[in-house]
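Structure, as structure tokens:
The values are calculated or read from the model by the stated rules, or taken from the named source; none is laboratory data. Source: prediction; values computed, not measured. Glycine also receives a Cβ, built like all others from the backbone with ideal geometry; neighbour counts cover every protein chain displayed.
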Amino acid sequence: MIAYQEILEAIAVLSEEDQEELFELIRKRRIENRRSQIATSAQAVLQAVDEGKVVKGSFADIKAYLLKDEEE
């Protein structure tokens, strides 16, 4: 694996245009990775809803649900 310092040195010798292109590519990849993480998380939430492991509703619905447990 390439050391972090070696990467920085390699970037330093690139032209300003190439550095900008590299930074834009990295930015786009980070965005895609984050989108993928969000999609995975959303799938897990939807699955939990389908399996009845979560309660959904308005704030008032959730509050009533939680308070109902205290009363019992």
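Quick notes
- Taking residues in the range 1-29 that are surrounded by 10 or more Cβ atoms within 10 Å (Cβ to Cβ), and partners anywhere that are β-branched (V, I, T) and modelled with pLDDT of 95 or more, the pairs with Cβ atoms closer than 8 Å and at least 6 places apart or on different chains are Q19/I11; L22/I11.
- Checklist (1) at positive phi; (2) touching a helix residue (DSSP H, G or I) at 6+ places or on another chain (Cβ under 9 Å); (3) not basic (K, R) applied to V55, failing item: (1)
- Residue that is nearest to L66 (Cα to Cα), among those in the range 8-55 that are β-branched (V, I, T) and modelled with pLDDT under 95: V55
- Test: S41 is surrounded by 10 or more Cβ atoms within 10 Å (Cβ to Cβ), of a type in the set (S, T, Y) and closer than 30 Å to I11 by Cβ: no
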